[in-house]
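Reading through the structure tokens given below for one structure.
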Amino acid sequence: MSFRADSPTVKNVVPSPNHDARTSRIDILLLHYTGMQTAAEALARLTDKEAKVSSHYFVNEDGRIDQLVPEARRAWHAGEASWKGAVDINARSIGIEVVNPGHQYGYRDFPDVQIDAVIALCRDILARRHIRRERVLAHSDVAPTRKDDPGEKFPWARLAAAGIGLWVEPSPIVGGRTLSANDKGTDVEQLQKQLARFGYGIEVSRFYEDKTRSVVTAFQRHFRPERVDGLADPSTIATLRRLLTR
Ligand SMILES: [Zn+2]
């Protein structure tokens, strides 16, 4: 069923049947890439009743924005996810799919005109909804073991310069003590506690297991995109500390 677009930045309403009632107040803006070979294929899936997935917005590479689900409804984009202890991320978020084939089909730079559109859309949403700056997140932030999107090519620094999302200039990559797979002890515990305090769903096990590696990888994709390797090097740790104490 068609509906009136929530944002003046929307070019077309392309209704998806995949939504239901919200059970929480909106307090997260969640960014994705489509991760399919073509935009048409992605849009078809997000509006297919059988697929049971959707998002509120869909931003094409040429900057055209489609709205698929009214903001007042819960769209189905996050899947199993968590942030700051909350697990029903769909209930409390607005989801934006940004067209890009993604890591599986030839990950490429997001065109400037597309990012201009994302920025205009986010600014409009943030002006209407009271979403805190640090709650503009990547899908990979809320589902680090399952998701890589929108990935390290997504220009978070550009968004932050436009007032969207949290960002500090990443600490320079230098040598030094690096935590990695199978390390254990106090330093690992400290890292896990800081990642959990920032919002990531991570257990404080004092052991650098696969889950910790996934969370560090997600953190790097968003906040230290120059090198994404899942190793907690001094630059990664310093960037995280600065975000926590900004
Ligand atoms: Zn996603």
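Brief remarks on what is shown
- Residue 51 being in a loop (DSSP other than H, G, I, E, B), open to solvent by 20 Å² or more (accessible area, probe 1.4 Å), more than 19 Å from residue 143 (Cβ to Cβ) and small (Gly, Ala, Ser): no
- If you check 53, 59 for being at pLDDT 95 or above and under 10 Å from residue 98 (Cβ atoms), only one passes: 59.
- Qualifying residue in the range 150-170 (condition: among the acidic types (Asp, Glu) and within 16 Å of the ligand (Cβ to nearest atom)): yes
- Flag if residue 175 is crowded, with 17+ Cβ neighbours inside 10 Å and part of a loop (DSSP other than H, G, I, E, B): no
- Residue 43 meets all of the listed conditions (1) closer than 24 Å to residue 142 by Cα; (2) touching a residue at least 40 places away in the same chain (Cβ under 8 Å); (3) buried (at least 17 other Cβ atoms within 10 Å of the Cβ) but one, namely (2).
- Unmet requirement for residue 60, which otherwise passes all of (1) closer than 19 Å to residue 137 by Cα; (2) away from the ligand (no atom under 16 Å from the Cβ): (1)
- The range 1-40, subset farther than 20 Å from residue 142 by Cα and acidic (Asp, Glu), residue surrounded by the fewest Cβ atoms within 10 Å (Cβ to Cβ): 20
The values are calculated or read from the model by the stated rules, or taken from the named source; none is laboratory data. Note that the coordinates shown come from a computational prediction; the quantities given were computed from them, not determined experimentally. Note that we place each Cβ from the backbone using ideal geometry, even for glycine, and neighbour counts take in every protein chain shown. Just so you know, the surface numbers come from the protein's heavy atoms only, side chains and all, with ligands and any DNA or RNA stripped out. Shrake-Rupley method; radii C 1.70, N 1.55, O 1.52, S 1.80 Å.
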